[in-house]
Amino acid sequence: MKTESYFVLLPLMEYYYQKTKPEYRKLPQWDKGCQRLESSSMELISPENAEQILIPIDLDGIKGRLAIQVAHRSADAIIYWNLDEEFIGTTEGIHQKEISPSVGSHTLTLVDSDGNTLVKSFEIIE
């Protein structure tokens, strides 16, 4: 066992910081038997703090889609996406998904392959 110091950022800050600082070292993967000390391994990039979201109508008259993007600390993580307790797919590597939720309140639940969970509630308005 050896001790090493790391400059550690939250997943969202890390996502942007490493684009301009290629020398940035991410934390190594946790050993399966170790307890996690970090608070979260993923964070919403967009929509970050929106509680009410308006999805505009495109120029062709069709309602647009809500683009969701997530930063995850692990480059090879698999994220399982659920909208209102209904499975809507997985992402690996780049965590982006477009969805077409109806008007009203919704809950987006993201769970990675290690069981870490991120829950975001939002409302689609007209």
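Of note:
To keep it simple, each residue is scored yes or no on (1) of a type in the set (V, I, T); (2) touching a residue at least 40 places away in the same chain (Cβ under 8 Å).
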{"residue": "S46", "(1), (2)": "no, no"}
{"residue": "L54", "(1), (2)": "no, yes"}
{"residue": "I78", "(1), (2)": "yes, no"}
{"residue": "E85", "(1), (2)": "no, no"}
{"residue": "T90", "(1), (2)": "yes, no"}
{"residue": "S105", "(1), (2)": "no, no"}
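- For the range 1-40, a residue qualifies if it is modelled with pLDDT of 70 or more, of a type in the set (G, A, S) and under 18 Å from the mean Cα position of the chain (by Cα), and exactly one does: S40.
- If the condition is being loosely packed, with under 12 Cβ neighbours inside 10 Å and under 17 Å from the mean Cα position of the chain (by Cα), then the range 87-113 contributes F87, G89, G93, I94, E98.
- For the residues N116, N82, the requirement of being surrounded by 11 or more Cβ atoms within 10 Å (Cβ to Cβ), in contact with a Ser or Thr (Cβ under 6 Å, 6 or more places away or on another chain) and modelled with pLDDT under 95 singles out N116.
- Test: residue in the range 71-78 that is surrounded by 17 or more Cβ atoms within 10 Å (Cβ to Cβ), within 14 Å of E43 (Cα to Cα) and at pLDDT 95 or above: no
The values are calculated or read from the model by the stated rules, or taken from the named source; none is laboratory data. All of these numbers come straight from a predicted model, not from anything done at the bench. As a convention, Cβ positions derive from the backbone with ideal geometry for all residues, glycine included, and neighbour counts pool all protein chains shown.
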